[in-house]
1. With all pairs of different alpha carbon atoms counted, what Kirkwood hydrodynamic radius in Å does the chain show?
2. Relative contact order for the chain: what is it in percent, counting Cα pairs under 8 Å that are at least 6 residues apart?
3. Enumerate the amide H contacts of Val4 below 5 Å, restricted to partners 5 or more residues apart or on another chain; note that Pro and chain-start residues carry no placed amide H.
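No value in this document is a laboratory result; all are computed from the given coordinates. Everything quoted here is computed from the prediction, not taken from an experiment.
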Amino acid sequence: MPIVTVQVTREGTAPGRVSVSAEEKAAIIAGVSQVLLDVLNKPLESTYVVIEEVELDNWGWGGLPTVQYRRQRAEATKP
């Protein structure tokens, strides 16, 4: 019985959205479950997928809060 946890930042994938949509979550669950079936032969009905949405303020990268890290990278890539 595999249990897979997927962590994503709680932010929308389109303007005006503040979380992952139900449709996107369903696609993640289906895709992850299919990978376990294809690679490890784990039946779909025995695979659990947990999606955790993490507030953006609670996510850091490169020693910085994510918002600051993204801002820094964006500025570094400007021509």
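1. The Cα-based Kirkwood calculation yields 14.7 Å.
2. Contact order relative to length: 36 percent.
3. Residues meeting the criterion, in which the H sits 1.01 Å from N, are Tyr48, Val49, Val50.
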